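Below is one structure, written out as structure tokens; comments come after it.
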């Protein structure tokens, strides 16, 4: 039951992300999503081995809730990125699109699955993936692209929790994806891009084209 | 053996990174090449056996493993030439990182070929993304950074997509009470799976894998990387990694094609393939840079291959053969771009001309490579493309043959315009060009020879391998 | 009849508590709790002045608006008491009777011919349009959950089965609280304390009203707070609650909502005008998520 409430709140954070104006709100929401994932994992993965469970919980708390937001803030500070998110479309349109995405994923999930609790899982994780993709497409800064990617990862993690009890290996692999890809994108490239380009903006990344 | 191989490659890549004396690096590279060849020999001897419980040596794996091992040798030769020519230094830190990432890159592709478990395939695909992006970023300038950033970002998204697809697949497996994600089990139980979930799983897996295969939705991942990477890495990206994408895809396809969604799936694959050929045609008409042109040519060939797999029948055999020949022809052309760049200090087509006078051996490579890659006889690819079109005909898709042939005509035209400009064009204003040792083109001649030879006299054992891939 | 008595009692101190909360947070002592009611009484004793350009609409609008709000109040059930007007789908009548009152105030603002009031009327119309789906999706989803369509039976059958419905009620209460802020033009959508006509919504529409009419309008807006507040309270009581306890819950709940709104007004700033539509639409989206969850949980939990 707590799972469902946490999932609903998770879904509401997506709406908030779509209309947030400052990078700081994005980061706080990502941290909050990490915390919600911790709650969901704690209640959901009751059947898996205790050591594995502890590993998953530590990953959600330490990595998703604290480490990623910390590094994001650090990168913003280090590269002196301005605090606005700079979307290409207005926030109202973003909100409309995210709402439509949530609607579509609910319809999709109800068509695919009969078990109600699972439908909520699937639909919310699919809509999270959509939201992440939309953030990547509609925001201007590289740092918001990375945030969109992290939101996609959260969606993937949520989806892997839905099957996690029977196949804990998939949850662990999802965590592997999290850690590797995030460290690679955050740790190495953004720092390098900050060093090479003065403004960390996709406008700088348009020298390669046909 | 595989355990020793993985351990050995990790140790070797560490040693290459830490010990930066030239003689040591050379010998480590030689040891790695022998390790790779040794694994291939082991694979041939222990054909159809399982190793480390997640890896098995089946026809598809051994075929592409042989190609990768052959490609390893010129990769290192040209990498060393590249490092010595472009940096004029002893093995510095960046080059050491580059070489050790290439070792990991080749290892991860070997892992993709040999793995028989979906999650293991996925892990090695992710590893190949990471190592490839590091090796693209050798030059440490803004453009290389941009290319590798785009590559790593798009590939990360695509790899997440593949994982979502695997998760959806596992949801349908839970409904059928299967928990083992190995290809063999899934193939046996495939008809029991829920087709709705399979469809959505296929959409995600296919979209994700197109980044590696170089097909329509996510082909952009590779183009900039192939352009800005050192030429040996470009060659690996558009041949061995493309093959790795196709091997992974065929593993998934062999599961999905045992279910009732096969027809639906084939439509999606043909759509994606046709759009890939179309996109490649459009961009090759306007592209101003050799490496990008070759990269788009890879997209065209990948499109042909995926359409052939979708057409089925003889198409699958033709597709695999096409991939084999494409690997050799395209890598020869990419190695040659390194020499062209050193001759003109530019990749732009408008800065080139009269390459025959500057480097006769290299120019001959370009002529033969051009014939091979555009499938003009005596190229072996002519035969495979013929088989591919035949498979379309057998699948009652005559319209597809017509559309494909029209697009291929445009591609041959634009390809020949730029290649002949390079070979015979006017270049009076270019004065100082570097003399290039003809011996550097030796491996390319060998590869192009293989393409022609395999077209005319394919060994029976190779044909048997290619017929048994699914 | 109980609800009307309670509504009148709580309307006496509602805005007083709200203002007192704001004053305490900002470190002032603040006016008396009953001061807003004294003001309204003072206004009600006075006569009205009408502009020469206005027609009959301007004169009847405040009275019609007041009548509509009172009628909406009659529809709301209370614990074991049905609303005085109660039938199937009465929440539709509830929404549209309030909309009728709002329509009257909009056209009366247009009637004055003032450009400021026209602007305020346009904003009011837009925001009502955006917030209306939120209310209907919310009530519709609870109607779906309970299988009944009148307020009384919806509120009484929500809590019968499991206490997940209480958690859903909390989310519903949140959505309704946001609807209150929009419907009554409070911070962060509009700031009733500003004195620049360009940034106002509701206040700018009543610039020309005076005396008795103004008093009626002010009292109507207090009643609107009470109406939505009693909807929220209805989510947490049902027919099994003793009547005395429901009265206590009602008065305490209204005060709590007033305090919450006061706190929101103290700690948030008004949005820029062009950010309002997305805020209001977000309420609708939240209601939609709630709707989907209730849809999915139907048959499992409720």
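Numbers at a glance
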item	result
Residue match in the stretch B:397-404 (condition: part of a helix (DSSP H, G or I), under 27 Å from the mean Cα position of the chain (by Cα) and crowded, with 16+ Cβ neighbours inside 10 Å)	yes
The stretch C:108-128, residues that are without any contact (Cβ under 8 Å) to a residue 24 or more places away in the chain and touching a helix residue (DSSP H, G or I) at 6+ places or on another chain (Cβ under 9 Å)	C:110, C:118, C:122, C:125
Checklist (1) more than 18 Å from residue A:162 (Cβ to Cβ); (2) crowded, with 21+ Cβ neighbours inside 10 Å; (3) at the interface with chain A (Cβ under 8 Å from one of its Cβ atoms) applied to residue B:166, failing item	(1)
Residue match in the stretch C:247-262 (condition: surrounded by 22 or more Cβ atoms within 10 Å (Cβ to Cβ), in contact (Cβ under 8 Å) with a residue 12 or more places away in the chain and touching a strand residue (DSSP E or B) at 6+ places or on another chain (Cβ under 8 Å))	yes
Selection within the stretch B:378-390 - closer than 14 Å to residue B:303 by Cβ and over 21 Å from the mean Cα position of the chain (by Cα)	B:389
Among the candidates B:179, B:195, B:220, residue that is within 14 Å of another protein chain (Cβ to nearest Cβ), closer than 22 Å to residue A:184 by Cα and surrounded by fewer than 23 Cβ atoms within 10 Å (Cβ to Cβ)	B:220
Pick from the stretch A:93-126, criterion surrounded by fewer than 21 Cβ atoms within 10 Å (Cβ to Cβ) and in contact (Cβ under 8 Å) with a residue 60 or more places away in the chain, ranking: nearest to the other protein chains (Cβ to nearest Cβ)	A:117
Pairs, first facing chain A (nearest Cβ under 9 Å) and at positive phi in the stretch B:122-145, second surrounded by 24 or more Cβ atoms within 10 Å (Cβ to Cβ) and modelled with pLDDT of 90 or more, C-beta under 9 Å, six or more apart	none
Lone qualifier among A:64, A:77, A:73 - being surrounded by 23 or more Cβ atoms within 10 Å (Cβ to Cβ), away from chain C (no Cβ under 14 Å) and part of a helix (DSSP H, G or I)	A:64
Condition check for residue A:32: in a helix (DSSP H, G or I), in contact (Cβ under 8 Å) with a residue 12 or more places away in the chain, over 26 Å from residue A:196 (Cβ atoms) and in contact with a helix residue (DSSP H, G or I) (Cβ under 7 Å, 6 or more places away or on another chain)	yes
Qualifying residue in the stretch C:268-276 (condition: facing chain A (nearest Cβ under 8 Å), farther than 17 Å from residue C:170 by Cβ and surrounded by fewer than 23 Cβ atoms within 10 Å (Cβ to Cβ))	yes
Residue B:206 buried (at least 21 other Cβ atoms within 10 Å of the Cβ), under 26 Å from the mean Cα position of the chain (by Cα) and either free of Cβ contacts under 8 Å to residues at least 24 places away in the same chain or within 9 Å of another protein chain (Cβ to nearest Cβ) (or both)	no
The listed residue being in contact (Cβ under 8 Å) with a residue 24 or more places away in the chain and either more than 14 Å from chain A (Cβ to nearest Cβ) or at positive phi (or both), out of C:237, C:294, C:283	C:237
Candidate set: the stretch A:147-170, residues that are more than 15 Å from the chain's Cα centre (by Cα) and within 8 Å of chain B (Cβ to nearest Cβ); chosen: the one nearest to residue B:172 (Cα to Cα)	A:163
Count - residues of the stretch C:227-264 that are outside any helix (DSSP H, G or I) and in contact with a helix residue (DSSP H, G or I) (Cβ under 8 Å, 6 or more places away or on another chain)	6
Checklist (1) more than 13 Å from chain A (Cβ to nearest Cβ); (2) farther than 20 Å from residue B:160 by Cα applied to residue B:215, failing item	(2)
Complete set of residues in the stretch B:365-385 that are without any contact (Cβ under 8 Å) to a residue 60 or more places away in the chain and assigned to a helix (DSSP H, G or I)	B:366, B:367, B:370, B:371
Index of the failed condition, residue A:173 passing every other in (1) modelled with pLDDT under 75; (2) within 7 Å of chain B (Cβ to nearest Cβ); (3) within 16 Å of residue B:129 (Cβ to Cβ)	(1)
Selection from the stretch A:127-145 of residues that are within 11 Å of another protein chain (Cβ to nearest Cβ), over 13 Å from residue A:86 (Cβ atoms) and crowded, with 24+ Cβ neighbours inside 10 Å	A:127, A:128, A:129, A:132
Which numbered condition residue A:21 misses (of (1) within 13 Å of another protein chain (Cβ to nearest Cβ); (2) crowded, with 18+ Cβ neighbours inside 10 Å; (3) under 18 Å from the mean Cα position of the chain (by Cα))	(2)
Residue that is nearest to the chain's Cα centre (by Cα), among those in the stretch C:45-62 that are in a helix (DSSP H, G or I) and over 19 Å from residue C:226 (Cβ atoms)	C:61
Sole residue being over 27 Å from residue C:108 (Cβ atoms) and touching a residue at least 40 places away in the same chain (Cβ under 8 Å), chosen from C:6, C:43	C:6
Only listed residue being over 15 Å from the mean Cα position of the chain (by Cα), in contact (Cβ under 8 Å) with a residue 24 or more places away in the chain, surrounded by fewer than 24 Cβ atoms within 10 Å (Cβ to Cβ) and part of a loop (DSSP other than H, G, I, E, B), chosen from B:190, B:258	B:258
Enumeration of residues in the stretch C:93-145 that are buried (at least 21 other Cβ atoms within 10 Å of the Cβ) and not in a helix (DSSP H, G or I)	C:112
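The values are calculated or read from the model by the stated rules, or taken from the named source; none is laboratory data. Predicted model only: the values in this text are computed from it and were never measured. Here the Cβ is made from the backbone with ideal geometry for all residues, glycine too, and neighbour counts use every protein chain on show.
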